[in-house]
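The values are calculated or read from the model by the stated rules, or taken from the named source; none is laboratory data. Since we're looking at a predicted model, the values are computed, not measured. Positions of Cβ are generated from backbone atoms using ideal geometry, with glycine treated the same way; all protein chains shown enter the neighbour counts.
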Amino acid sequence: TAEFAGRFGPTEAAVAKVERSMQAAGLAVTSVSANRLLVGVSGTTGRIEAAFHTRLKGYALSGDRSGWSTASAPLLPAGDASAIQSVLGLDELAMPRSELRRAPALDNVVQPVAPVAAPAAPGAPRACSAASLDALGGGGWSDQEMAHAYGLDGLYAQGDLAAGQTIALFELEPFSSSDLASFDRCYFGASHTAQVSTVKVDGFDLVGPGSGESILDIEDLSAFAPRAHIIVYEAPNTTFGGIDEYNTIVSQDRANIISTSWGECEQALQTGAPGAQQLENEIFEEAATQGQTVVSAAGDTGSDDCAGTQFSNTKAVAPYLSVDDPASQPYVLAAGGTSLLSDSNPPSEVVWNHGAQWGGGGGGVSTTWPIPSWQAGSGVPGVGTSGGREVPDVSASADEWRGVTVYSSAFSSTGGASNGLLGAPPSGWTMIGGTSSAAPQWAAVLAEIAASGGSCSTLPVTRGGRDLGFVAPELYAVASSPTAYAQSFTDITSGNNDVFGLGLGYSAGPGYDLASGLGSPTVVDASGTGGLASSLCAVASGESAPAGGGVTPVVS
């Protein structure tokens with residue numbers, strides 16, 4: 001962070017000048033971030049209006065929410081315009097939403113393919129009867145079955161449980177430690193203790209089980225990467241709170257991998273929180289420069305991300321073709337969604353799409369960011385035809401009707417803040433989907449691969465674990481080789497993400513597509529001789545460069 005601030009951040013003199021002008025306007029300077037990208041100020045409404053020469057207007061928003069916005073564009077204090085990129089918090093109309101999905105009572109759903117008996121290696125996730133019965137009865141999957149489908153068994157058998165890796169979670173709600181303890185007892189026994197810590201940002205003080213988003217993320221990581229250290233960052237769900245949380249995660253530089261399941265469509269941010277996307281971009285660029293990978297959920301409303309609400313989608317909104325931020329950011333790995341139809345290795349998968357009511361995997365073309373060179377120049381079939389940043393990059397299971405089992409008192413009818421629309425089981429075991437699940441699955445996969453042997457044993461060790469670096473260019477480099485692509489990914493070739501049936505979405509096909517990206521991971525293939533673990537490690541370590549159109553990662 002110090003190096004980034006020195007090379008790319010504002011100078012100390014520029015920050016000091018801004019501080020003085022804010023204080024002269026009667027505002028209190030509350031914080032200056034370590035990378036000098038954020039200066040926090042506070043004051044009365046009247047003083048804020050006077051300082052920025054505008055008026056604040058309140059608005060009633062959907063879902064019993066309220067917000068505010070400026071009546072006119074803010075004017076910066078004289079002499080500060082060159083130092084201030086944007087003023088966050090004056091417009092508070094956009095609120096990041098979790099990309100979580102849960103179907104109603106699933107008692108009558110029948111699993112399409114009987115689960116494969118996947119023996120668990122020592123220390124690997126092994127579902128207890130409660131989790132297994134929940135998955136079987138609802139037509140979904142336990143974490144043990146999902147790990148088998150994506151080839152993680154091959155690493156577990158070698159003793160790779162992601163030891164030394166640190167994963168940061170971006171959250172805007174609390175979680176219940178007792179829920180996590182119940183989950184871990186199920187999968188690992190009474191003696192297991194997850195390596196989870198929390199960092200509260202901007203005075204976050206909420207308690208309780210939350211909506212189930214945070215605990216889903218934590219439990220997915222805890223199951224897939226049992227010995228990774230998980231740091232849960234929590235901040236208020238405001239524009240500045242979210243930006244400050246991302247900046248805190250990156251500035252502290254404690255995590256190899258960062259996972260976020262919260263987002264908002266690009267157009268909503270542009271109008272409801274001007275400047276937020278641009279500041280995010282600088283923060284994520286710092287993460288990539290430091291060798292961190294940010295994995296983000298690509299959204300749950302298919303090709304119409306702006307139609308998203310937290311629990312349902314009932315109508316399309318303009319612009320129909322829209323994508324989710326931060327998934328569309330060029331320094332972020334975007335995780336889309338599939339329907340997992342079997343847990344064989346490789347599994348049977350199609351693009352997740354359950355229509356307007358229940359959603360589908362996000363994907364499309366950014367209207368903010370041009371396509372990055374590592375994507376456009378990859379040589380992967382299907383990439384680079386639009387001119388804009390294309391999402392998703394990859395995919396994983398997200399179908400709420402074939403979801404992953406989690407334990408959360410948020411969904412317990414015997415005590416918790418369950419949402420009546422969704423229904424509530426008598427215990428805390430339930431199934432959840434959404435690209436909220438795909439993002440932590442991919443974060444855990446990357447942690448497992450980084451901690452594995454072979455070529456990854458030569459990777460630099462930072463933050464206590466081996467670093468893959470910013471992995472998005474490396475994944476496209478792997479996919480640029482037809483042989484490596486076939487061994488490392490399940491290429492999704494069926495389905496589309498046109499959830500409203502308007503004929504404007506995107507269909508899956510061979511190679512890259514805007515419905516499923518490169519596909520889902522085959523970490524170690526069924527033969528045990530190939531897979532994403534070996535191919536990604538070879539590219540990240542520089543030991544091999546895929547032939548034919550590959551790109552060399554420029555940030556590591």
Residues that are at pLDDT 90 or above, more than 15 Å from G336 (Cβ to Cβ) and either of a type in the set (A, V, I, L, M, F, W, C) or out of contact with any Asp or Glu (no Cβ under 7 Å at 6 or more places or on another chain) (or both), drawn from segment 433-455: A444, L446, A447, I449, A450, A451
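In segment 355-373, which residues are under 29 Å from Q487 (Cα atoms) and surrounded by fewer than 21 Cβ atoms within 10 Å (Cβ to Cβ)?
Going residue by residue through segment 355-373, those that are under 29 Å from Q487 (Cα atoms) are 360-365, 371-373.
Within segment 355-373, V365, I371, P372, S373 qualify.
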Which listed residue is farther than 21 Å from Q375 by Cβ, assigned to a loop (DSSP other than H, G, I, E, B) and at pLDDT below 95, from V499, V524: V499
Segment 354-397: number of residues that are at pLDDT below 95 and under 15 Å from T301 (Cα atoms): 7
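Can you confirm whether segment 266-274 contains a residue that is under 30 Å from F188 (Cα atoms), in contact with a Leu (Cβ under 8 Å, 6 or more places away or on another chain) and either outside any helix (DSSP H, G or I) or of a type in the set (S, T, Y) (or both)? Walk me through how you get there before you give the answer.
Applying the first criterion (under 30 Å from F188 (Cα atoms)) to segment 266-274 yields none.
The answer is no, given that none of the residues of segment 266-274 is under 30 Å from F188 (Cα atoms), in contact with a Leu (Cβ under 8 Å, 6 or more places away or on another chain) and either outside any helix (DSSP H, G or I) or of a type in the set (S, T, Y) (or both).
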Qualifying positions in segment 316-357 - within 11 Å of S520 (Cα to Cα) and in a loop (DSSP other than H, G, I, E, B): P346, P347, S348
Condition met for Y150 (in contact with a strand residue (DSSP E or B) (Cβ under 6 Å, 6 or more places away or on another chain) and aromatic (F, W, Y)): yes
Qualifying residues in segment 406-428 (those that are closer than 24 Å to E145 by Cα and surrounded by fewer than 24 Cβ atoms within 10 Å (Cβ to Cβ)) - the one modelled with the highest pLDDT: S409
Residue within segment 166-177 that is in contact with a strand residue (DSSP E or B) (Cβ under 6 Å, 6 or more places away or on another chain) and closer than 13 Å to P226 by Cβ present: yes
Any hit, segment 442-461, residues being within 23 Å of A225 (Cβ to Cβ), among the hydrophobic types (A, V, I, L, M, F, W, C) and part of a loop (DSSP other than H, G, I, E, B): yes
Residue pairs meeting the criteria (Cβ under 6 Å; at least 6 apart or on separate chains; first under 10 Å from P74 (Cβ atoms), in segment 37-60; second in a strand (DSSP E or B) and among the polar types (S, T, N, Q)): T54/T70
Residues located in segment 304-353, provided they are modelled with pLDDT under 95, hydrophobic (A, V, I, L, M, F, W, C) and under 20 Å from the mean Cα position of the chain (by Cα): C306, A307, F311
Extreme residue, nearest to A135 (Cα to Cα), among residues of segment 159-192 that are over 22 Å from the mean Cα position of the chain (by Cα) and not in a helix (DSSP H, G or I): G189
